[in-house]
Structures are given as structure tokens and as C-alpha cells.
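Derivation of every value follows stated rules applied to the coordinates shown; laboratory data play no part. Keep in mind that this is a model prediction, so the values were computed, not measured. Quick reminder, even Gly has a Cβ in these numbers, built from the backbone with ideal geometry, and neighbours come from all protein chains shown.
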Amino acid sequence: MENNLVAAFQNNWISLLVSAIILAALYYLAKKRIGFGTRVLLALGLGLVAGIIFNKFELQFEGVGTIGSIYISLIRMIVIPLVFVLVVNSIISITNIAFLKKIGIKTVSWFLATTGVAAIIGLLVAVALNPAGTFEATSPEGFEAREVPSFFQVILDQVPSNPINEAATGKVLPVLIFAIFIAIAIVKVGAKKPDAVQPVKALFASLTEVLHQVVKFVLRFTPYGVYALIAVMAAKYGLETLKPLGMLIIVTYIALILHFVLVFGGLISFVAKLNPLRFFKKAYPTIAVAFTTRSSYATLPINLEVITKRLGVSPKVASFVAPLGATMNFNGCGGVWPAVVAVFVSHIYSIPLGVTEYILIVLVSVISSIGVAGVPGPASISTTVVLTAVGLPLEGLALVVAVESLIDMGRTAVNATGTTVTSVLVAQAEGELDRDVFNSNDNDELELSPA
């Protein structure tokens, strides 16, 4: 054991020393009460610079990766209990089943509509700019395309059969469905025997408060985790790896940014009747954490804080929309990305696409976003489904693996922000949006104590 410890530090001591200095600097800024969002953004930049240096001088960075893995593990620790407790507490606080149906239909409708628009934007940008650029197709050895489960099998897999086992394996959607059953049962029983469910309601209300405090503990580590995650990514891939696929990266990010600004900004402006610049400023912590962690689940705790405390959405709407969005809202992964990859692959293999194929890509993107809900790696599955539907070779997926991680940052930021937008739209439609909170310039509620 001692030899392993010595060997670990011998191989990683330079990267660990650099990281220790950076983490200490981030801690110092936290002690000085520098804003949470500012520290996350600074951690992102420092991680990028450090990672490029590690890559340039071929330094070992396994120790730095461990820091990032610890942060992600802490986030995963809280996701399942948070989803279960918040969904139950949200529904039992509603008591009106008709209201629950309304927000459920509106939420899913917005998810699917924005995913369809995202696919259209991805197509238009890709057709106009040609993401293939000068790239030459060479398929990496040993690549195997992901197996596409049948739609009905995916649906069956999401029906909870053993909630404890599904919670243990991190399957969020079955846990969410189980929570809905429990909550509706509590509401039904409470309508006839209020005293019988009062202890259960008090328990979930108490658990909600406790879990919110646990979330605050975990989120304090966000700047340090962000630094480590970005440093490892930059160290692993470097700049040289990205050059041949540079056009694909550029085209994808143009499409993501257009969707982000035009669609999300437009919905906030014209549907919710709110200031889009203020929205993006207040939603910044969600965007930053999603971009750096590349996980909608990891972003869920802070997104809930942003939605309720910064944007003024009522907890009963936020607690329903946010967990569902982390599971099935794929504007980036299921809308923009499959469309861009389809055009990219068609150019690489000189397979022309017509109007019919373009329409099919949009429709399949929307349908597959339902089918892959809760499936690990939704971007890969959605893209596989789309390529199969329009008759493009699945080998094309092997060509984009080198930049998958980099692009996933933008995709996840769009996914998470889409959930935030939907929360505001649903709350506004149901009279559950506090506009005074939204329009307030006071964002101190999200400032977290240093860890």
C-alpha cells in the first residue's frame, strides 16, 4: 500500500502541486466572498490552461482526475434521494390532480417542441456550413456502434419493477415514476383520511429541508470539481487532436448558440414576457455547472436552486419539471447533435440527403428523445436512431468520438438551460411565477460558503 502511495505521488506530483496551488487560490477567493458563478468560470479557465500544460509536457494527471471523480460521485450520491423526495413532496403539496396533469402535459410538450426546433436549427446550420470540412474518413480500430434498444424495450425498462435496485443502479426515470405513484397515493388517501397521511407529509417536508442542506454542502465543492474535470479533459485531448474535426466543433456550437439565444431567449421574451438578458444572467450558475460537468443529473441540484431562488418559480412546479427535464429534455443531445452528425456523415460518405430525409431527421429526433429517456448516453443512442432511420452508415459515429467530450459540454448546457426555460414557461402559465423575485437584482441567496 505504501509503495502504491509513493508511486502515485512520484508520477503525479507536478500536476498535483499545480492543482494544489490553484485549488488554494479558489479557496482564498471563496473566503473573500467572490461570487459563486465567478469562481466557477475562473476554475474553468484555470483548468483549461493547466490541462493544456499537462498535455504539452506529457505530465501524469490521474491524481487530478480523482478530484473531479470525487466531485461527480458526491453529486450522484444526492441525485436519487433528491429526485424521489422532491417529486413526492411537490405532488403532495399540490393536492389537485388536475393541476398536476396540466403541468405534466405542458412540460412534456415544451420538451418535445424545443427538441424539434433544435433539430431544425442543427440541420439548417449543418447544411449551410458543411461540418465535414476537409476531414478524411478513417474509422478507429475496435469501434463498435452502440446497440439500439427497441422503443418498446426502452419503455419497459423505465417501468419500476424493483425501485430499490433501480435506485442503487442510478436509474432516475423509474425512481421518478415510483415517486409519482407514492405521491398520488398519499393525495388520494389524504382526501379521505387526512390524519392517516399527516405523519408521512411531515416526514417528506422534513426530508426536503435536510436534503437542501446536503445539496448546499456538495455544491460548495463545485469550483474545485470544475477545475479538475476541465483540466483532465484538456490534458487528455490537447489541441492537436481537435484540429481535423475543427469544423464539426464550430458548426455544432454555432447551432447550439443559435438555439440557446434565439429559441430560449425568444420563449422567455415573447411567451413568458420576461427580460431574456436577466434570465441568462440569473441562470448562469446552471449553465456553467452543466457546461463543465457534462451531466444534467449533476446540474439538477443547482438548477433547482436557480429555478426557485433566482427565477421565482414555485417549488411545486420546479420540483416536478427539473427532475423530469434532467431525464428527458435533450435539446442539445437529441435535437442539434443528431442532425449535425447526420449531415456530417452524409458528406463524409458522399450520400446525398433530400427534403424527405431532412423531415425524417427532425421527426425521428423528437420521437427518439422520448424513447431514450433514462438511457445512459442519450446523445449516442439518439444519433444512432437518426442515422439508422435515414440509411446512413453507423460507422460515422466512430469519426466523432475524438471531440464527443468537448461538444458534450455545449450540448449539456443547452439541455439544462432548456429545462430551466420550461420551468419558467410552465410556472408563468399556471400563475406560479414570482415576477418580483425574477426582476430582483439580489442573487445573494445562491452564494455558498467556502468549503
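Give the lysines whose C-alpha is closer than 19 Å to that of Lys106, dropping any in the same chain fewer than 8 places away, or say none.
Within the straight-line cut-off, Lys106 pairs with Lys273, Lys316.
So what J values fall out for the range 249-254 if you push phi through Karplus, 6.51 cos²θ - 1.76 cosθ + 1.60 with θ = phi - 60°, rounded to Hz, Gly and Pro as x?
For the range 249-254, the Karplus curve yields 4, 4, 4, 4, 5, 4 Hz.
Sum -39500 (n - 2.57) across every DSSP H segment of at least 4 residues in the chain, then divide by the residue count to get the 222 nm mean residue ellipticity, nearest 500.
-23500 deg cm²/dmol
Testing the spin-label approximation: label points 7 Å from Cα along Cα→Cβ at Val271 and Thr66. State their distance in nm.
4.6 nm
Under 1.5 on a/c is rounded, so check that first for the range 178-274, then, if it is not, pick prolate when a/b is larger than b/c and oblate when it is not; a ≥ b ≥ c are the square roots of the alpha carbon gyration tensor eigenvalues.
prolate
Note down the relative contact order for the chain as a percent, whole number, built from C-alpha pairs under 8 angstrom at least six residues apart. Intermediate values should be presented prior to the final figure.
On the way: 669 pairs, mean separation 134.0, N = 451.
With pairs under 8 Å counted, the relative contact order is 30 percent.
What order do you get for 272-283, 323-334 when each peptide is scored by the mean count of other beta carbon atoms within 10 Å, highest first? Display every interim value, and only then the final one.
Details: 272-283: 17.6, 323-334: 29.6.
The peptides rank, most packed first, as 323-334, 272-283.
What are the ³J(HN,Hα) values, in whole Hz, obtained from phi via the Karplus relation 6.51 cos²θ - 1.76 cosθ + 1.60 with θ = phi - 60°, for each residue of the range 158-163 in sequence order, with x given for Gly and Pro?
8, 7, x, 10, 9, x
Straight-line reach from Lys32: which lysines fall under 29 Å, measuring Cα to Cα and dropping same-chain residues less than 8 apart?
Straight-line reach from Lys32, under 29 Å: Lys216, Lys281, Lys282, Lys309.
Put a dot 7 Å past each Cα toward the Cβ at Lys192 and Lys101; how far apart are the dots in nm?
It is 2.0 nm.
What FRET efficiency comes out for the pair Ala205/Lys236, r = Cβ-Cβ distance, R0 = 51 Å, nearest 0.05?
Step by step, r from the Cβ atoms, then E = 0.70.
When a/c is below 1.5 the answer is rounded, else prolate if a/b is larger than b/c, else oblate, so apply that to the range 261-387 with a ≥ b ≥ c taken from the square roots of the Cα gyration tensor eigenvalues.
It comes out prolate by the Cα gyration axes.
Mind listing the phi-derived Karplus ³J(HN,Hα) values for the range 51-68, rounded to whole Hz, using 6.51, -1.76 and 1.60 with θ = phi - 60°, and x for any glycine or proline?
x, 5, 5, 4, 5, 4, 9, 6, 8, 6, 9, 4, x, 5, x, 5, 4, x
If the label point is 7 Å along Cα→Cβ of Thr38, which residues in the range 267-299 have backbone nitrogen under 18 Å from it?
Inside the label zone: 281-286, 288-289.
Please compute the modelled spin-label separation between Asp157 and Ala113, points set 7 Å along Cα→Cβ, answer in nm with one decimal.
Output for this residue pair reads 3.0 nm.
Mind sorting out which of (1) 34, 30, 21; (2) 110, 30, 14; (3) 47, 25, 16 is the real semi-axes √(5λ) of the Cα gyration tensor in Å computed from the coordinates?
Of the listed options (1) 34, 30, 21; (2) 110, 30, 14; (3) 47, 25, 16, (1) comes from this structure.
Using the per-residue mean of other Cβ atoms lying within 10 Å as a proxy for protection, in what order, highest first, do the peptides 356-364, 76-84 fall?
76-84, 356-364
Let me make sure I get this right: for the range 318-370, a, b and c are the square roots of the gyration tensor eigenvalues over alpha carbons, sorted descending. Under 1.5 in a/c it's rounded, otherwise prolate if a/b > b/c, else oblate. Which is it?
Judged from the Cα gyration tensor, the range 318-370 comes out prolate (a/c at least 1.5, a/b above b/c).
Straight-line reach only, C-alpha to C-alpha below 16 angstrom: list the lysines that Lys188 could link to, leaving out same-chain residues fewer than 8 apart.
Lys101, Lys201
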